[in-house]
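Each remark here refers to the structure printed beneath this line.
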Amino acid sequence: MCWEFCKFAERARYEKVREAGIVVSQAVLIAVGIDWDGRRQILAVEMANRESRSAWKDFLVALKARGLRGVELVVSDDHAGLVAAIGEAIPEAAWQRCYVHFPKNALDHLPRKHGDDCLQELRWLYDRRDLAEAKADLAAWLAKWSGRYPRLTTWVEETIERTLTFFRLPRQHRKHLKSTNILERLKEEIRRRTYVVRIFPTPKTALPLDSRKRI
């Protein structure tokens, strides 16, 4: 199994299952692979007691044991446990922080009452033709908004670099490899299928999708 790019769920979906007669919530960990031809495949869907660094690392190690290799880029949100696990299990891969979630995280660094123009202009950076153009616009954005929102601009300047990794890819791959949108749609499908069950009799029965299924 050789996948040049991989995506991992940035926040695991939780399902209620019975273990030893007790109802508990378990995390559904998901990985999707994309190759250079643009083919996408669900690599794994597994249950874990919680969404921790060790759970994600075990998940990734199991994928490598099954033959996962050649991963060049991993896309996820800035979940500390997942990012740490990626660094330990797939250290050769570059990491792309989901650009869709980045402006949402930026809300934590803005006052409650703020204009929408600031974040909208930040989102436009990701539509630029190349990294040089994006960085030029970033410098202009920082100069424009640093006086009004210094806390935000400081945070962006310190953290935005990991959201620009996708620019090193060929243009035809950037659209699908700068965010976790594919995973979001997959999680919605899982939610649609599992909603009617509510509580699964065992963790195994909660696995909603075949890990070999194409998407």
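For Asp35, indicate whether it is closer than 25 Å to Arg171 by Cβ and in contact with a helix residue (DSSP H, G or I) (Cβ under 7 Å, 6 or more places away or on another chain).
no
When you scan region 170-178, do you find a residue that is crowded, with 19+ Cβ neighbours inside 10 Å, out of contact with any Asp or Glu (no Cβ under 9 Å at 6 or more places or on another chain) and either touching a residue at least 60 places away in the same chain (Cβ under 8 Å) or of a type in the set (Phe, Trp, Tyr) (or both), even just one?
Yes: one or more hits.
Those residues that are part of a loop (DSSP other than H, G, I, E, B) and over 9 Å from the mean Cα position of the chain (by Cα), I need them from region 73-98; list them, please.
Result: Ile90, Pro91, Glu92, Ala93.
For Gly81, work out the one condition from (1) outside the structural domain of Ala27 (by TED's automatic domain parsing); (2) at pLDDT below 95; (3) not basic (Lys, Arg) it doesn't fulfil.
Among (1) outside the structural domain of Ala27 (by TED's automatic domain parsing); (2) at pLDDT below 95; (3) not basic (Lys, Arg), Gly81 violates only (1).
Does region 42-72 hold any residues that are acidic (Asp, Glu) and in a helix (DSSP H, G or I), and which are they?
Correct list: Asp58 only.
I need the full set of residues from region 82-96 which are in contact (Cβ under 8 Å) with a residue 24 or more places away in the chain and crowded, with 16+ Cβ neighbours inside 10 Å, in order please.
Across region 82-96, the qualifying residues are Leu82, Ala85, Ile86, Ala89, Ile90, Ala93, Ala94, Trp95, Gln96.
What number of residues in region 37-63 are more than 14 Å from the chain's Cα centre (by Cα) and modelled with pLDDT under 90?
Adding up the residues that qualify gives 15.
The values are calculated or read from the model by the stated rules, or taken from the named source; none is laboratory data. None of these values were measured; they are calculated from a predicted model. Every residue, glycine among them, receives a Cβ derived from its backbone with ideal geometry; neighbour counts consider all protein chains shown.
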